[in-house]
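Only one structure is covered here, and it is reproduced in the block below.
Every number here is computed from the coordinates shown, using simple stated rules; none is lab data. All figures in this text were calculated on a predicted structure; none of them were measured in a lab.
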Amino acid sequence: MILLVLYGLFVVASYLLGAIPFMILVSRARGVDISHEPDLHHAMWYKVGRRWGLLAVLLDILKGVVPVVAGLLLQFPLLVTIMAGLAAVCGQMWPVFRKFDGERGNTTGGGMALILTLLLNGIPTLIIAVCFVLLGIILRTVTRWRASGATLNERLRFQGSQSMVLPLLVMAGFASCPVTAAIFGLPIEITLGFLALVLLLLIRRVTAGLMSDLADGFRWSVIVNRLLYDRSEI
């Protein structure tokens, strides 16, 4: 019974870690309030600075890394450790400190997937997932770097038609994890954990700000676009 309580507290603590709004705290320390921005990572990059934007990404990645490392060091059951990682992802997506309206979970989920595959003999799974993401980054960026007269910020910006391929391949990278984990014989807890991670990311994509997008009536195109491209209109 005591162990179950300890495991429960560990999962709750992981959620609270994921819910800490590091980006808002860092931006305010730099004299900029981004709390009302629709995309905090984008706001950090362009309104606070690229260096601080990279720091924010690193902190969000660590939200997914820390619970997994802590669970393994404490020798908690693998299922509990994975649940703690998923709780951190939920914290970033639905943070109690921001009225349960947070980010998309990609960075924290990526941190969780990264450390699980690195520490538990899942390097092939990691390589395949990273290849999807790198391909998305390359395809998104190449046309911008070839455009004459474009500034560095314009070439690196996330929005625009060229960005459609990136969220599609990022999700493909996450979706490949449970498949390759099963193929390469990783523990069933990892396969199920990755499957749960993909479902959580898709749920967040669909539901974030959905009511405002459907204020004029339900449209299947909005749901499909959100699932594939993480946006309502393309």
* Asked: the range 179-198 to the range 89-108: how many Å between their Cα centroids?
  -> 23
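Looking at the chain from every direction and averaging, what is the projected area of its Cα convex hull in nm²?
Numbers: hull surface 57.5 nm².
With every direction weighted equally, the projected area is 14.4 nm².
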* How much mean residue ellipticity at 222 nm does the chain get from its helices, if each DSSP H run of length 4 or more adds -39500 (n - 2.57) and you divide by all residues, to the nearest 500 deg cm²/dmol? -> -23000 deg cm²/dmol
* Expressed as a whole percent, how much of the Cα-Cα distance distribution for the range 69-119 exceeds 11 Å? -> 68
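Which of the DSSP-defined H helices in the chain satisfy a minimum axial length of 27 Å, computed from C-alpha atoms, and a minimum mean Kyte-Doolittle hydropathy of 0.5?
Values: long enough: 50-73 (33 Å, 1.48); 123-146 (33 Å, 1.62); 188-207 (28 Å, 1.94).
Membrane-span-like by this criterion, though nothing is claimed about a membrane: 50-73, 123-146, 188-207.
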